[in-house]
Amino acid sequence: MFQAETRLRQGDPAGALPFAEKALGFIKEAQQAERIYVPHASSHTPPIDESRRLTGKREGLEHSALELAPADARDPVPGAAWRALGEAGAADPTTVLSNLESWLRTDASRGVDPLAFAAAIDAVRRDPTCAACRASLRGMVWTALKPPPPQVARRPEADAAGHRYLEALSREPAH
């Protein structure tokens, strides 16, 4: 069909005729066919059990919904370290830094640079009052935190117009 149109645009109707006749043959074949079968690319469903169909009996049926897996417990060490490094009054973060070092040795597979992390921990350990050192380490800890699991956003409470609408619905008689 495209070749026929190309030849017609070029001003060669005789050259377009064989392509147009071939396309017309395909169109006539599709019109005269009783059914045209197109293979599906989807999954195959199991056959329907005709003996149970439309009976309403549910014995022996399995629930096909997937079970929800519990969310992973968030790692408490980086979270506690991030909070402790952000507190301005915390003068001696020795326990936090030792917990962070042991966490770094056991769980360094989180995409953090262990050498830079260790250098930042040493800088804070040498001068616990250095605000820039604490901020640098706190930034590294932030990148190591696990993101919180996604949650469904709660619907906002109804405003005055919404309350009036709900009251009107409750006063309306049921039909």
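A few remarks follow.
- Residue 141 being exposed (fewer than 12 other Cβ atoms within 10 Å of the Cβ) and of a type in the set (Val, Ile, Thr): no
- Criterion violated by residue 26 - all others in (1) exposed (fewer than 10 other Cβ atoms within 10 Å of the Cβ); (2) at pLDDT below 90; (3) part of a helix (DSSP H, G or I); (4) not acidic (Asp, Glu) satisfied: (1)
- Tally of residues being among the hydroxyl-bearing types (Ser, Thr, Tyr) and not in a helix (DSSP H, G or I) across the range 156-175: 0
- The selection criterion, being surrounded by 11 or more Cβ atoms within 10 Å (Cβ to Cβ), under 32 Å from the mean Cα position of the chain (by Cα) and under 13 Å from residue 82 (Cα atoms), does not hold for residue 134.
- Of all residues in the range 145-164, none are of a type outside the set (Ser, Thr, Tyr) and in contact with a Cys (Cβ under 8 Å, 6 or more places away or on another chain).
The values are calculated or read from the model by the stated rules, or taken from the named source; none is laboratory data. Values in this document were obtained by computation on a predicted structure and should not be read as measured data. With ideal geometry, Cβ positions are generated from the backbone for all residues, glycine too; neighbour counts draw on all protein chains shown.
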